[in-house]
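The values are calculated or read from the model by the stated rules, or taken from the named source; none is laboratory data. Keep in mind it's a predicted model, so treat the numbers as computed, not measured. Counting neighbours? That spans all protein chains shown, and the Cβs are built from the backbone with ideal geometry, glycine included. Just the protein is used for accessible areas: all its heavy atoms, side chains included, with ligands, DNA and RNA removed. Shrake-Rupley method; radii C 1.70, N 1.55, O 1.52, S 1.80 Å.
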Amino acid sequence: MDFACLWLGLLLPLVAALDFSYHHQEGMEAFLKSVAQNYSSITYLHSIGKSVKGRNLWVLVVGRFPKEHRVGIPEFKYVGNMHGDETVGRELLLHLIDYLVTSYGKDPEITNLINSTRIHIMPSMNPDGFEAVKKPDCFYSNGRENYNQYDLNRNFPDAFEYNNVSRQPETLAIMKWLKSETFVLSANLHGGALVASYPFDNGVQATGTLLSRSLTPDDDVFQHLAHTYASRNPNMTKGDQCKNKMNFPSGVTNGYSWYPLQGGMQDYNYIWAQCFEITLELSCCKYPREEKLPYFWNDNKASLIEYIKQVHLGVKGQVFDQNGNPLPNVIVEVEDRKHICPFRTNKFGEYYLLLLPGSYTINVTVPGHDPHLTKVVIPEKSQNFSALKKDFLLSFQGQVDSILVSNLSCPMIPLYKTLQSLSAATKPSLFLFLVTLLHIFFK
């Protein structure tokens, strides 16, 4: 560990220990502001927008360079309290913040994680809903929806069917936030079950719905991510700890296999923001008693940390032209796992591909030019808090044509329902469909 970081950790001020109780908006804000003030060298507090009632949607960023993106450092996020009456995730994220900042410079693992990752934590996406709960209940409370009575996890554009609902301020704030950062990995925290659920939540025949599942082109990675979290939670991994609920083998499920969901946030993240997101259901009771909170923290602490580390899976790098200038908006994808909305480089020419160990062929395509194919091998043991680094230097001069760039964003329509009208470059191949069926039959 860097001795400078060690000394910094010893010099960082102490904040009064966070208690295990429910923190309403005022108490949550006071804690976040205290952390931002006392740990200003590794944190940055900002609001990405406001709720219907005007409450701030706070995000605390933890990292060595918390205020801005740095090339090569992946962006990770946790989002809690999307449903206002599902409260455990909100408190766990506050305790995660406390644990991260107080461990920096003291715990080598946490110090390396913070130095190599920009971690965004939003404790509450639905503060109005949380404040609306007057009588906490294990199954349903008045504050599930936002102030306008919209379920925020049914409020996003959907890639499988039209979701003609009024976009809420909280949803629009998330969508804008996703455009402003290059998020690689994420999880949203819920309650009411004990399971790690992975995309897709909705689907069509091409994604396997005839067999009661809906699989992404990156199903192997998503299953790994879900198992990574569930396997370290002693109750979740049992799969049968909630009475009168489904049993989930190893505490993991495909979202559609559990129940189809239109307009969900995790599908939106994956399809339109290039961000791998899973849903974590953390408690059988949606709003448990405060005295249970320490037990939830003990059950989830290791999982929360280990899941963040997964942002360093696979391969990352930059794409340059022949003069060494970074190229934005270049398609960078693995052959045979093309996305319905192609993954592209950001404004710094960066790409991040979450991949498990193995051999892959990467297709790098500048719009209007021939593809550049390169074979890469992801080693069994990843580098210390870093994906494999692979840059691409193309025999191409100048920026991507501005006319082409203006049309690069995928429209927020049911892309999977309009496959026939899309170009061959964005169609999931017949091979992918057959692989999906084989995977389901022989799993």
Practice problem: Name the single residue, out of those in region 334-355 being under 14 Å from residue 218 (Cβ atoms) and free of Cβ contacts under 8 Å to residues at least 60 places away in the same chain, that is nearest to the chain's Cα centre (by Cα). | Solution: 353
Self-check item: Cβ-Cβ under 6 Å pairs, at least 6 apart or on other chains, region 238-259 side under 13 Å from residue 193 (Cα atoms), far side open to solvent by less than 90 Å² (accessible area, probe 1.4 Å) and among the aromatic types (Phe, Trp, Tyr)
Solution: 239/248
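Report, by residue number, each residue of region 120-164 that is in a loop (DSSP other than H, G, I, E, B) and among the polar types (S, T, N, Q). If you could, list the steps in order and put the result at the bottom.
Of region 120-164, the ones in a loop (DSSP other than H, G, I, E, B) are 123-126, 133-151, 155-164.
Listed by number, the residues that qualify are 124, 126, 141, 142, 146, 148, 149, 155, 163, 164.
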Exercise. Might you let me know whether region 60-70 holds any residue that is more than 12 Å from residue 117 (Cβ to Cβ) and either in contact with a Leu (Cβ under 8 Å, 6 or more places away or on another chain) or open to solvent by less than 30 Å² (accessible area, probe 1.4 Å) (or both)?
Key: yes
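Would you check which residues across region 114-145 are among the hydrophobic types (A, V, I, L, M, F, W, C) and more than 24 Å from residue 62 (Cα to Cα) and list them? Please lay out each step first, then the result.
Going through region 114-145, the residues among the hydrophobic types (A, V, I, L, M, F, W, C) turn out to be 114, 119, 121-122, 125, 130, 132-133, 138-139.
Hits for region 114-145 are 130, 132, 133, 138, 139.
Okay, residues lined up against (1) under 20 Å from residue 102 (Cβ atoms); (2) touching a strand residue (DSSP E or B) at 6+ places or on another chain (Cβ under 9 Å):
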{"residue": "26", "(1), (2)": "no, no"}
{"residue": "44", "(1), (2)": "yes, yes"}
{"residue": "74", "(1), (2)": "no, yes"}
{"residue": "82", "(1), (2)": "no, yes"}
{"residue": "85", "(1), (2)": "no, no"}
Exercise. Would you mind stating whether residue 234 is over 19 Å from the mean Cα position of the chain (by Cα), assigned to a loop (DSSP other than H, G, I, E, B) and not acidic (Asp, Glu)?
Key: yes
Practice problem: Scan region 320-333 and report the pairs whose first residue is aromatic (Phe, Trp, Tyr) and whose second residue is open to solvent by less than 40 Å² (accessible area, probe 1.4 Å), with Cβ atoms within less than 8 Å and a gap of 6+ or a chain change. | Solution: 320/327; 320/349; 320/392; 320/394
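For every residue, the table says whether it meets (1) over 15 Å from residue 304 (Cα atoms); (2) open to solvent by 30 Å² or more (accessible area, probe 1.4 Å); (3) free of Cβ contacts under 8 Å to residues at least 24 places away in the same chain; (4) of a type in the set (D, E, K, R).
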site: 82; (1), (2), (3), (4): yes, no, no, no
site: 97; (1), (2), (3), (4): no, no, no, no
site: 113; (1), (2), (3), (4): no, no, no, no
site: 117; (1), (2), (3), (4): no, no, no, no
site: 137; (1), (2), (3), (4): yes, yes, no, yes
site: 156; (1), (2), (3), (4): yes, no, no, no
site: 170; (1), (2), (3), (4): yes, no, no, yes
Quiz item: Can you tell me which residues in region 268-311 are under 17 Å from residue 151 (Cβ atoms) and either open to solvent by 10 Å² or more (accessible area, probe 1.4 Å) or free of Cβ contacts under 8 Å to residues at least 40 places away in the same chain (or both)?
Solution: 279, 281, 286, 287
Quiz item: over 18 Å from the mean Cα position of the chain (by Cα), more than 26 Å from residue 46 (Cβ to Cβ), in contact (Cβ under 8 Å) with a residue 24 or more places away in the chain and open to solvent by 10 Å² or more (accessible area, probe 1.4 Å): does that describe residue 145?
Solution: no
Quiz item: Considering only region 201-224, how many residues are surrounded by fewer than 23 Cβ atoms within 10 Å (Cβ to Cβ) and part of a helix (DSSP H, G or I)?
Solution: 9
Practice problem: For region 1-112, please list each of the strands (runs of 3 or more DSSP E) lying entirely inside it that holds at least 3 residues being at pLDDT 95 or above and β-branched (Val, Ile, Thr). | Solution: 56-62
Self-check item: Meets criteria (modelled with pLDDT of 90 or more, closer than 26 Å to residue 225 by Cα and open to solvent by less than 50 Å² (accessible area, probe 1.4 Å)) for residue 354
Solution: yes
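Is there a residue in region 281-294 that is within 17 Å of residue 222 (Cβ to Cβ) and modelled with pLDDT of 95 or more? Steps first, please.
Initial filter on region 281-294 (within 17 Å of residue 222 (Cβ to Cβ)): 281.
Right, trim to modelled with pLDDT of 95 or more and you get 281.
Yes, because at least one residue in region 281-294 is within 17 Å of residue 222 (Cβ to Cβ) and modelled with pLDDT of 95 or more.
Can you pull out the residues in region 378-394 that are assigned to a strand (DSSP E or B) and under 25 Å from the mean Cα position of the chain (by Cα)?
Residues of region 378-394 assigned to a strand (DSSP E or B): 378, 383, 386, 388-389, 392-393.
378, 383, 386, 388, 389, listed by residue number.
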Practice problem: Among the candidates 175, 236, single out the residue that is over 30 Å from residue 47 (Cα atoms) and either hydrophobic (A, V, I, L, M, F, W, C) or open to solvent by 20 Å² or more (accessible area, probe 1.4 Å) (or both). | Solution: 236
Quiz item: So which residues in region 239-257 are on the phi < 0 side of the Ramachandran plot and open to solvent by 60 Å² or more (accessible area, probe 1.4 Å)?
Solution: 240, 241, 243, 245, 246, 247, 249
Exercise. Would you tally the residues in region 33-57 being open to solvent by 30 Å² or more (accessible area, probe 1.4 Å) and either closer than 18 Å to residue 316 by Cβ or not β-branched (Val, Ile, Thr) (or both)?
Key: 15
Quiz item: Which of (1) surrounded by fewer than 24 Cβ atoms within 10 Å (Cβ to Cβ); (2) touching a strand residue (DSSP E or B) at 6+ places or on another chain (Cβ under 8 Å) does residue 125 not meet, given it meets every other one?
Solution: (1)
